[in-house]
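S.K.: I have a structure here, written as structure tokens, and I will follow up with some questions on it.
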Amino acid sequence: MWSAAQVDVSACRGRCVVTGLTFGDLPTALWNPQVLTSSVNLGVQGDTFGFDVPWASGLTIVVEACTNLATAYWYPLQTDVLTSGSSYFSDAQWTNYPSRFYRLRWP
């Protein structure tokens, strides 16, 4: 079912989109966006908490939040199409919660 040459993505560091792969007749891409923890944009800036998400231009991510990992109810906060290979997420409501956890997902 998979159709591709051997692909080594170990040097990608989470920022590669592998092209030319198909599953059946459908194109595929490596799904590996990450919060950029080495960015100066990670953390509180003014009254807003935020972070950068570098990945592949033109692809969409959803940032979700959860206030209690024991119940794990995740709700979407922001949907972004990554332009120029990254997107900035900001949460002005973060101070309204004693704790808040974030994750990225595909829409």
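S.K.: To make sure I understand, if each residue's beta carbon is the centre and we count other beta carbons within 10 Å, what order do F101, F89 fall in, fewest to most?
M.R.: So the ranking, lowest neighbour count to highest, is F101, F89.
S.K.: Taking 0.36 nm per intervening residue step and subtracting the Cα-Cα distance, what contour gain separates A70 from Y88 on full extension?
M.R.: Answer, rounded to one decimal: 3.7 nm.
S.K.: Let me ask you something else. If we sort 64-75, 41-52 on the protection proxy, mean other Cβ atoms within 10 Å, highest first, what's the order?
M.R.: Listed from highest to lowest mean packing, they are 41-52, 64-75.
S.K.: With labels modelled as points extended 7 Å from the Cα through the Cβ direction, what inter-label distance (nm, one decimal) is found for V35 paired with T95?
M.R.: Between V35 and T95, the simple spin-label model gives 1.9 nm.
S.K.: If we count other beta carbons within 10 Å of each Cβ, what is the order of S99, S86, S57, S39, fewest first?
M.R.: Lowest count first: S99, S57, S39, S86.
S.K.: Taking +1 at the Cβ of each Lys and Arg and -1 at the Cβ of each Asp and Glu, which of W106, A56, L69 sits farthest along the dipole of the stretch 33-107 towards its positive end, judged by Cα position relative to the Cα centre?
M.R.: Positive-end residue among those listed: L69.
Here, each number is a calculation from the coordinates, and none is a lab measurement. Note that the coordinates shown come from a computational prediction; the quantities given were computed from them, not determined experimentally. Glycine also receives a Cβ, built like all others from the backbone with ideal geometry; neighbour counts cover every protein chain displayed.
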